[in-house]
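Data first, discussion second: the structure below is written as structure tokens.
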């Protein structure tokens, strides 16, 4: 059972974990008793020696066996990414982390005429500018909710979304001991079926790249989510749609189709949300990503 400020797996979202740990270490170093600082250094050195050696060997073995492409898939998990970053094994600019998190929702918003521009990242705050929001059929609150859900899912430490027109003053890039930068990615869309084949309020399951995906039509707006209830193997194909809520036919679980979050339980299971759009009369779903051209 998770506590306040945590999600499953024990990863906190309310603060940037690395910044918090650094602050605690600094506070102990500033302790009036110098012996405390000395003991802290010995403790950290011992922990670092054990963990760094094992993680370095593990990291090199994984890259050697699976290659960098497999490592990219592995580090898409925020918890794994955070651990490797803390031992200098993975270097990522926080702006790139934010860009990758936003990629998960950009396709859906673009289909409704809204484009998201990342302006800045500062600690737990993400600053964005919205283009086309005035002409979009989506209300601002809905767009904000979608962006916040994507950032919480893909960016550890995110807390506050600031939507504005003016860019903040430039500041030094917040890096974690760079050894190289990963390039930002964008979704790769694949045709699913003609949009007119799915009636309003209906759902349809598809398979792509070994992934089972459920697509729903909510009044002409299309949403795509993972076709299984939480961590169970049971499909959501037979679920009913109640407004923008998907109600599982097996357990009665209620999922928000826009964010994938449980609507009937705080901190409950979340289903994956896929970017989806309609192009030339075809429903297209993004499965996988590709580097954004420089």
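The values are calculated or read from the model by the stated rules, or taken from the named source; none is laboratory data. Values in this document were obtained by computation on a predicted structure and should not be read as measured data. Don't worry about glycine lacking a Cβ; one is built from the backbone with ideal geometry, like all the others, and counts go over all protein chains shown.
Of these, 101, 54, which one is out of contact with any strand residue (DSSP E or B) (no Cβ under 6 Å at 6 or more places or on another chain), in the same structural domain as residue 149 (by TED's automatic domain parsing) and modelled with pLDDT of 75 or more?
Answer to the check: 101.
Considering only region 117-150, state which residues are surrounded by 14 or more Cβ atoms within 10 Å (Cβ to Cβ) and part of a helix (DSSP H, G or I).
142, 143, 144, 145, 146, 147, 148, 149, 150
Could you identify the single residue in 128, 92 that is more than 16 Å from residue 276 (Cα to Cα) and at pLDDT below 85?
92
Is at least one residue of region 227-243 under 20 Å from the mean Cα position of the chain (by Cα) and either under 19 Å from residue 150 (Cα atoms) or not in a loop (DSSP other than H, G, I, E, B) (or both)?
yes
Being within 21 Å of residue 102 (Cβ to Cβ) and part of a loop (DSSP other than H, G, I, E, B) is the filter; apply it to region 266-287 and report the residue that is modelled with the lowest pLDDT.
That would be 270.
Just to be sure I understand, how many residues within region 118-158 are without any contact (Cβ under 8 Å) to a residue 24 or more places away in the chain and in contact with a strand residue (DSSP E or B) (Cβ under 9 Å, 6 or more places away or on another chain)?
7
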